Amino acid sequence: CSESDLGPISLNWFEELSAEAPP
Amino acid sequence: EVAEQLAAEPHPGLAEESLQLVSKLKDSSSCCAVDVSTAWWEAAGCRELCVVTACESCVTLWKPLDSHCWGKVHTWQLGEVPVIQIVPLPGTCNLVCVALGELEIGEIRLLLYSSENDSFKQSVVKTGTIKAVLGLKDRRLVSSSRTLQEHQVEIVSLSETGRSTDGQTLMPPEETVLAFAEVEGMREALVGTTAVNSIIVWNLKTGQLLKKMHVGYSYPASICHRAYSDSGLLFVVLSHPHAKESESCGNPAFRLVAFNPTTARSRGVMSSSLPPGHTGRQGDVKEASAAAVLTSGAIAVWDLLLGQCTALLPPGPAGSWALARWASAGACLLAGQRDGTVCLYRY
């Protein structure tokens, strides 16, 4: 899978989504 | 004469492939087998991988004996509400859960051995209208339940003696969660699939709902079996019990799908289809291997990374296969028939 298919990929997606999501 | 004929004409599925019958166990008192699983059990300082079989009214623990034989250790009688499924607790010893109910799960019960008073026990962990349940690492149990007013996703932690020590609620999505899978290698991440074909990602520590991603309309009622994160993508193994046959991908039984949790975009990585001429399936996944009982009464086994069916176990002389589960350790398939016979195959 490439970024063109799936958009920008982040290795720290879990931490980033946890920081953004409502508590 | 029959033996000669079988020797001369081995079934092509078994001859070509890699399922080797290791042993067979049969509970003569069992009426109708509903599930089979494995659990680690320790007695007199010796920890062994035991087989757990369930019929509607009782659950039996079997320990390995010499020469591929199995001996009954204990049978828990469970009363009037039928057993629906065994819920293994990964990484635990002397503990196993079962789900009981009529059409839906109404109760989850813990079956255990207590060394305190050297006895086998059972205790109720949760009651309600339970839609899905999964045993997690570290003696935790996650379940989704529904009342007319609310939808609840809850984690219960159990002590070594089987007592509930802690409970936590996860933020529920609007729709009902129908299956869960732990994200391998990420202790605090959990995924679930919902009634409207979404993948949900939670943070187990905080209870936050992190992301909701759509699976796709072509695959209704998808069920998640396994999930892992690699290179910033979330890979999920899904089964598709109700997907229709299509020219592009045949009759899909399992798919490995890569999700980008940052953008919620996804792409299919590998699809495993039913063997030609077979329909219907109800399956189990462990690592890269999937197994499913087909409506023909056969069991099919797939390598999910190759997307290929690697073995087909035809219905035996005694009848159709009804159950297919992977043992929690070792490459071993547990194949069960309705009469309570369980065959262990090395894969």
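The values are calculated or read from the model by the stated rules, or taken from the named source; none is laboratory data. Nothing here was measured: the structure is a model prediction, and the numbers come from that model. Quick reminder, even Gly has a Cβ in these numbers, built from the backbone with ideal geometry, and neighbours come from all protein chains shown.
Does region B:175-203 hold any residues that are out of contact with any Gly (no Cβ under 7 Å at 6 or more places or on another chain), among the aliphatic types (A, V, I, L, M) and under 23 Å from residue B:105 (Cα atoms), and which are they? Matches in region B:175-203: B:178, B:181, B:190, B:191, B:195, B:196, B:199. Just one of the listed residues (B:108, B:130) is modelled with pLDDT of 95 or more and within 26 Å of residue B:50 (Cα to Cα), and it is B:108. The residues of region B:269-285 that are part of a loop (DSSP other than H, G, I, E, B) and surrounded by 16 or more Cβ atoms within 10 Å (Cβ to Cβ), listed by number, are B:274, B:275, B:278. The residues in region B:217-264 that are away from chain A (no Cβ under 14 Å) and either over 20 Å from the mean Cα position of the chain (by Cα) or not charged (D, E, K, R) (or both) can be counted, and the count is 27. A single member of B:54, B:99, B:132 is touching a strand residue (DSSP E or B) at 6+ places or on another chain (Cβ under 6 Å), in a strand (DSSP E or B), closer than 27 Å to residue B:188 by Cβ and touching a residue at least 40 places away in the same chain (Cβ under 8 Å), and it is B:132. Only residues that are part of a strand (DSSP E or B) and either surrounded by fewer than 19 Cβ atoms within 10 Å (Cβ to Cβ) or among the charged types (D, E, K, R) (or both) were counted in region B:259-268, giving 3.
Checking each residue in region B:201-222 for being within 20 Å of residue B:87 (Cβ to Cβ) and surrounded by 21 or more Cβ atoms within 10 Å (Cβ to Cβ) picks out only B:202. Within the option set B:135, B:162, being modelled with pLDDT under 95, closer than 16 Å to residue B:99 by Cα, under 22 Å from the mean Cα position of the chain (by Cα) and surrounded by 18 or more Cβ atoms within 10 Å (Cβ to Cβ) holds for one residue only, B:162.
Per the conditions (1) buried (at least 21 other Cβ atoms within 10 Å of the Cβ); (2) of a type in the set (Val, Ile, Thr); (3) more than 29 Å from residue B:323 (Cβ to Cβ), the sole criterion not satisfied by residue B:98 is (3).
Yes or no, residue by residue, for (1) at pLDDT below 90; (2) closer than 28 Å to residue A:21 by Cα; (3) not in a loop (DSSP other than H, G, I, E, B):
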| site | (1), (2), (3) |
| --- | --- |
| B:210 | no, yes, yes |
| B:216 | yes, yes, no |
| B:226 | no, yes, yes |
| B:244 | yes, no, no |
| B:248 | yes, no, no |
| B:254 | no, no, yes |
| B:257 | no, yes, yes |
